[in-house]
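Attaching a single structure in structure tokens format; questions to follow.
The values are calculated or read from the model by the stated rules, or taken from the named source; none is laboratory data. Since the structure is predicted, the reported quantities are computational estimates derived from the model, not experimental observations. Cβ coordinates were reconstructed from backbone atoms using ideal geometry, including for glycine residues, and neighbour counts include every protein chain displayed. Accessible surface is based on the protein model in full, side chains and every heavy atom, while ligands, DNA and RNA are left aside. Shrake-Rupley method; radii C 1.70, N 1.55, O 1.52, S 1.80 Å.
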Amino acid sequence: MGGATTTSSSHLLLLSPNRIRKQANTIITFTPKASSSSSSSSEKKEKIEIRVCTNRTCRKQGSLDVLQVLSGIAPPFVTVNSCGCLGRCGAGPNIVILPDSVFVGHCGTPRKAAEVMAIVCGADDEVGSGDKCLEALALRKRAEDEMGRGDFTQACGLLSQAIELKPFGGLHIIYKERSAARLAMGDIDGAFGDVKEALTIAPHYSEAYICEGDVYMAMDQFDAAEESYSIALDLDPSIRRSKSFKARIAKLQEKLAPANLG
């Protein structure tokens with residue numbers, strides 16, 4: 001962890017979610033950034049990173065499930081990553097919130113993970129905010145299963161229910177997924193509106209740019225699709241190795257070839 005997780009008494013805080021809630025006003029703070037009126041609310045938050053220990057002891061205590069939950073309900077200004085041992089293994093699963101190096105122990109259930117995320121996001125004043133995020137995440141997971149079975153109508157309905165819950169985090173992912181479902185159903189206008197909403201919430205969400213490119217392909221706007229795929233690649237160069245992304249680019253090049261010959 002290096003200097004980011006110093007063990008000095010002023011930074012090494014091994015806290016339960018309840019104790020974090022009591023100290024949130026002094027420990028977890030956000031600094032608004034100067035922005036134009038068109039900037040999304042996520043850009044006005046200080047970037048936060050949550051690291052989840054997935055070393056042997058914490059893994060046995062359920063940290064992989066905690067990692068999945070936190071990743072699924074995180075808003076765009078919060079990144080969630082796995083990490084090695086954070087110490088205090090007897091108090092696991094352990095997480096650390098950066099840049100303030102706030103350590104949280106005994107974060108072993110989805111509800112506790114949601115409570116911590118609510119505090120990080122400043123949404124803990126709203127009763128049931130964490131539960132709404134967990135419910136929306138469960139609906140999204142069910143929708144993804146339905147999409148895997150080819151039932152896009154059912155998936156779209158589940159995702160709409162998730163959106164209606166107005167979760168404080170993960171909403172950009174839900175809109176992106178509904179865009180994909182609507183596109184598969186032939187609802188191009190609906191798909192376009194959803195992916196634009198996802199990008200409004202999360203302007204640096206590479207998967208949404210891929211989805212936007214897919215929508216432009218369906219609209220036969222190949223130059224716009226190329227731009228969207230290029231932005232996605234700039235944001236996440238690792239997708240260059242993805243078979244699905246390679247297939248998209250091959251299809252795009254096939255569509256662009258006649259225009260280039262002309």
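For region 142-152, how many residues are open to solvent by 20 Å² or more (accessible area, probe 1.4 Å) and either over 14 Å from Glu177 (Cα atoms) or in contact (Cβ under 8 Å) with a residue 24 or more places away in the chain (or both)?
4
Could you please give the count of residues in region 210-253 that are in a helix (DSSP H, G or I) and either of a type outside the set (Gly, Ala, Ser) or touching a strand residue (DSSP E or B) at 6+ places or on another chain (Cβ under 6 Å) (or both)?
Number of matching residues: 28.
Taking the options Ala113, Ala155, name whichever one is part of a helix (DSSP H, G or I), open to solvent by less than 10 Å² (accessible area, probe 1.4 Å) and either closer than 20 Å to Pro75 by Cα or touching a residue at least 40 places away in the same chain (Cβ under 8 Å) (or both).
Matching residue, one of Ala113, Ala155: Ala113.
Across region 198-209, what is the total count of residues that are part of a helix (DSSP H, G or I) and out of contact with any Lys or Arg (no Cβ under 9 Å at 6 or more places or on another chain)?
4
Take the residues in region 116-130 that are in contact with a helix residue (DSSP H, G or I) (Cβ under 7 Å, 6 or more places away or on another chain) and assigned to a helix (DSSP H, G or I); name whichever of them is surrounded by the most Cβ atoms within 10 Å (Cβ to Cβ).
Met117
So, Phe192, is that one of a type in the set (A, V, I, L, M, F, W, C), without any contact (Cβ under 8 Å) to a residue 40 or more places away in the chain and either open to solvent by 30 Å² or more (accessible area, probe 1.4 Å) or touching a strand residue (DSSP E or B) at 6+ places or on another chain (Cβ under 7 Å) (or both) or not?
It is true that Phe192 is of a type in the set (A, V, I, L, M, F, W, C), without any contact (Cβ under 8 Å) to a residue 40 or more places away in the chain and either open to solvent by 30 Å² or more (accessible area, probe 1.4 Å) or touching a strand residue (DSSP E or B) at 6+ places or on another chain (Cβ under 7 Å) (or both).
Glu146 passes all but one of (1) under 14 Å from Gly169 (Cβ atoms); (2) not in a strand (DSSP E or B); which number fails?
Glu146 satisfies every listed condition except (1).
Kindly indicate whether Pro203 is farther than 19 Å from Gly170 by Cβ and either open to solvent by 60 Å² or more (accessible area, probe 1.4 Å) or in contact (Cβ under 8 Å) with a residue 60 or more places away in the chain (or both).
Answer is no for this residue.
Which of the helices (runs of 4 or more DSSP H) contained wholly in region 1-101 include at least 1 residues that are out of contact with any helix residue (DSSP H, G or I) (no Cβ under 6 Å at 6 or more places or on another chain), modelled with pLDDT of 50 or more and buried (at least 16 other Cβ atoms within 10 Å of the Cβ)?
In region 1-101, the matching helices (runs of 4 or more DSSP H) lie at 56-60, 63-73.
When you check Ala162 against the structure, is it in contact with an Asp or Glu (Cβ under 8 Å, 6 or more places away or on another chain), open to solvent by less than 60 Å² (accessible area, probe 1.4 Å) and over 25 Å from Val52 (Cα atoms), yes or no?
Against the criterion (in contact with an Asp or Glu (Cβ under 8 Å, 6 or more places away or on another chain), open to solvent by less than 60 Å² (accessible area, probe 1.4 Å) and over 25 Å from Val52 (Cα atoms)), Ala162 qualifies.
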